[in-house]
Amino acid sequence: MAVSNEFIEEVRSRNDIVAVAGEYINLKKSGRNYNALCPFHNEKTPSFMVSPEKQIFHCFGCQLGGNVFTFVMKLENLSFMEAVEKLAKRVGLTVPAAARSKEAAEKNKERESLYAANELAAKYYEYGLKELSEAKIAQSYLQQRGLSAEVIKKFRIGYAPQSGDKFLKAALSKGLNPEVLQKAGLVNYNERYYDYFRGRVMYPICDAKGKVVAFGARTLDDAKQPKYLNSAETPLFSKSKLLYGLNLASNAIRKTGQVLLLEGYMDVIACHQFGLENSIASMGVALTPEQIELVKRYCGKIVIIYDSDQAGVAATLRGLDLLVDSGLEVKVAVQTAAKDPDEFLHKQGCEAFEAIVQNALSLIEYRLEQSILMADLKTVQGKVFVVNEILPLIARIRNIVEQKAEVHRLAQRLNLNEETLFSQLEKIADKGFRKKVSQSIQEETSAENGFIKAQHNLVQLFLSDARAYQQWQDQISPEDITDPNLKIILAAMAVLNQKQQAITPSEIIDYLQNELLTGIIAKLAFSPAEGLDVSKLAGELIHSIKNWHKKERYKILAEEISRKLDAEGTVDPELMKEYKDLTQIFKGSRN
């Protein structure tokens, strides 16, 4: 059973879209609206807008738009009802029990049970580190790594005992189901259930909200492999979609406007201990699109500080293509004084570490230096190799000034003529440029059709001001609209008006529940109507639309009358009268 319109409206009205979106992305005031880098696609210049007045969002880059429910649905991959439940819970409302579908209720129950299992495990491992006698080796290890009691507590570091079932027994005594524990990745089954993590230092992995969703575990016996063991993928945990430490770093990231991206748990923990609390980790993998989108919700700048060995360099280079198009300001901090940031901080100190961050290279500058290391610049082939590595990246830079600066840098490093490089750059970019120009011309040509524009402008006015729709609703109907999407939107307005519901963009979006139409509604509603006589303009647009239909009818009549005269020598008087009436209307302007 669906929830009532009244409940949905209450949830919507109590969840201001600016406040909700601001929990996910870094919004900045821009006139009457707010803007940000779009969380749904990669971009360098903010084209994502949020309107507090209309309670909608729209990205002028990827064309996605909607209201507060749509925003949460898109970002968290939820159904409409799941988004309603999440936002209701955010403001302390409870969705009526009758409205919960059996499937949604079961899914929610499963997730809550998995969260409970992970939280219990985190507490058990924390207890194990402090109280178990066998944990002294773990305490000694953490002490040798230079970790303070405060940072151990902050990151909830723990210890999993050697025994094969100690955690299992503790969990069962608390009433947890062994099948749930297995699904959470905490136990395995082979004729019997047994603990998955044994004899390891435990690092809880949390989602952005701070809920434990998985664990990283380090062996205390270096002969035992693997050294690090992560939880398997579960309904709560996907390694490619999370960033370690984000829940603890989010405030500092927003405050500094910058994130320090590291490789492993200990690097993040050490940074936080030294006061660099805007630090997070990709957990030993190259950055993924999902992780990049996570970063963009909090800030626009990222400094990568991976390990100094070849694996660290390779990890940076693997994420390069995604980062070039990410819209983030990306830099790479290079250090060779230690094998990783953790070791560097304990040996060189925080001031030295901050210096390498301050002197970080741009992404293309870093790639350039790495390419030069692999080439012999004394040979033509070596220079060609470097140019082929770097120019395609420069071609993807949208800012012309930045692009020219990178070409200048490349020319200087290789001792080449800039004009030669620009000529080659144009060849790389030409195909994509021509395609964009062609698309732009087609769009402009389509937009020149006055009738189509009149339909769009009218629906836009109605979305901007419901009073205009209520004033003119009797003069225009969905049948007068030829654009199928606009026809549906206008029909939705009529239904809502009949039900005496508010005719706002957000209400229409909820009523239609259509992704394509949601984007169209948000885009139209964002177009300003300030300073216009909305009522007068709506009347003029309706007249224009009606007039177009009359002209089309006039053309059809002319053809039909001509055919009948040729074939029969006579025409129906009513048909002729209609034709003469229209002739009178269009006299002097038969186009």
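The values are calculated or read from the model by the stated rules, or taken from the named source; none is laboratory data. For clarity, every value in this text was computed on a predicted model and none was experimentally measured. So basically every Cβ, Gly included, is an ideal-geometry build from the backbone, and we count neighbours across all protein chains shown.
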Legend entry - Close pairs (6 angstrom Cβ cut-off, 6 or more residues apart or separate chains): at pLDDT 75 or above in the range 558-575, in a loop (DSSP other than H, G, I, E, B) anywhere: Ile561/Val571
Legend entry - Residues that are among the basic types (Lys, Arg) and surrounded by 15 or more Cβ atoms within 10 Å (Cβ to Cβ), drawn from the range 170-201: Lys183, Arg198, Arg200
Inset, instruction - Can you run down the residue pairs with Cβ atoms below 9 Å, 6 or more apart or on separate chains, where the first is in the range 350-376 and assigned to a loop (DSSP other than H, G, I, E, B) and the partner is hydroxyl-bearing (Ser, Thr, Tyr)? - result: Ala360/Tyr366
Inset, instruction - Please give the number of the condition Arg409 fails out of (1) modelled with pLDDT under 80; (2) over 29 Å from the mean Cα position of the chain (by Cα); (3) surrounded by 10 or more Cβ atoms within 10 Å (Cβ to Cβ). - result: (1)
Inset, instruction - Please find, within the range 309-356, the residue that is modelled with the highest pLDDT out of those that are out of contact with any Pro (no Cβ under 9 Å at 6 or more places or on another chain) and hydroxyl-bearing (Ser, Thr, Tyr). - result: Thr336
Inset, instruction - Might you check whether a residue that is within 17 Å of Ile509 (Cβ to Cβ), out of contact with any Cys (no Cβ under 7 Å at 6 or more places or on another chain) and of a type outside the set (Ser, Thr, Tyr) occurs anywhere in the range 19-39? - result: yes
Inset, instruction - Look through the range 4-34, keep the residues that are among the β-branched types (Val, Ile, Thr) and in contact with a Lys or Arg (Cβ under 8 Å, 6 or more places away or on another chain), and return whichever of them is surrounded by the fewest Cβ atoms within 10 Å (Cβ to Cβ). - result: Val20
Inset, instruction - Hey, can you tell me all the residues within the range 12-54 that are under 15 Å from Asn67 (Cβ atoms), touching a Pro at 6+ places or on another chain (Cβ under 8 Å) and polar (S, T, N, Q)? - result: Asn33
Inset, instruction - Scan the range 211-231 for residues that are over 20 Å from Asp267 (Cβ atoms) and exposed (fewer than 14 other Cβ atoms within 10 Å of the Cβ) and report the count. - result: 4
Legend entry - Positions within the range 50-77 being free of Cβ contacts under 8 Å to residues at least 40 places away in the same chain and of a type in the set (Val, Ile, Thr), in sequence order: Val50
Legend entry - Selection from the range 244-266 of residues that are surrounded by fewer than 24 Cβ atoms within 10 Å (Cβ to Cβ) and either assigned to a loop (DSSP other than H, G, I, E, B) or of a type in the set (Lys, Arg) (or both): Arg254, Lys255, Gly257, Gly264
Inset, instruction - Go through the range 198-243 and give me each residue that's touching a Leu at 6+ places or on another chain (Cβ under 7 Å), of a type outside the set (Val, Ile, Thr) and not in a strand (DSSP E or B). - result: Gly199, Asp207, Ala208, Pro235, Leu236, Leu243
Inset, instruction - Output the number of residues of the range 147-169 satisfying the condition of being at pLDDT 95 or above, surrounded by fewer than 16 Cβ atoms within 10 Å (Cβ to Cβ) and either of a type in the set (Gly, Ala, Ser) or touching a Leu at 6+ places or on another chain (Cβ under 6 Å) (or both). - result: 2
